[in-house]
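What follows is a short report on a single structure.
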Amino acid sequence: MTMTPSKAVTFDLDATKLVFQNNEDRLKVVPVTLKSIHPITVDILIEYCRVQDEVSELILSTLSIHNHHPLSSQTLFVGKTYSLLATRKDWRYGKFWKFRWGEDVVQPSKEKWRFEFIVNDDNTS
């Protein structure tokens, strides 16, 4: 079975998604939460909507890279208009769930990810 990353995967602020990954012919599911460290205002939403595709691609790339070259428990990505703080922790509840992709069994990840969206100071009103 082959799974390929989809450009249609985007992440919404203050939401959690389960991301299904194909890692060396083994399927796994990873919980990913994206939060804003700022109170949600119109300006924050406008900035996030402007960079949503880029942030989503960065999140998916981070998960993929981590599969092959483990990252530290916290990683900060600094961009021109925003920063993204990635934090991973043990996913204790994952072992209690059973996941499937069609007929294939999907292993729960041992870790969950939290990404914090930070609008850089010079971009907030």
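The values are calculated or read from the model by the stated rules, or taken from the named source; none is laboratory data. On a predicted model such as this, the values are computed, not experimentally measured, just so you know. Quick reminder, even Gly has a Cβ in these numbers, built from the backbone with ideal geometry, and neighbours come from all protein chains shown. Surface accessibility is based on the protein's heavy atoms, side chains included, excluding ligands, DNA and RNA. Shrake-Rupley method; radii C 1.70, N 1.55, O 1.52, S 1.80 Å.
Observations
- Residue check, Glu47 under 21 Å from Asp12 (Cα atoms), surrounded by 15 or more Cβ atoms within 10 Å (Cβ to Cβ) and among the acidic types (Asp, Glu): yes
- Residue tally, condition more than 16 Å from Glu116 (Cα to Cα), open to solvent by 50 Å² or more (accessible area, probe 1.4 Å) and among the β-branched types (Val, Ile, Thr), over region 16-44: 1
- Filtering Val30, Val55 for residues that are at pLDDT 95 or above and in contact with an Asp or Glu (Cβ under 8 Å, 6 or more places away or on another chain) leaves a single hit, Val30.
- Only residues that are of a type in the set (Ser, Thr, Tyr) and free of Cβ contacts under 8 Å to residues at least 12 places away in the same chain were counted across region 87-117, and they come to 1.
- Evaluation of Thr87 against (1) under 18 Å from Ala15 (Cβ atoms); (2) buried (at least 17 other Cβ atoms within 10 Å of the Cβ); (3) under 13 Å from the mean Cα position of the chain (by Cα) (one fails), failing number: (2)
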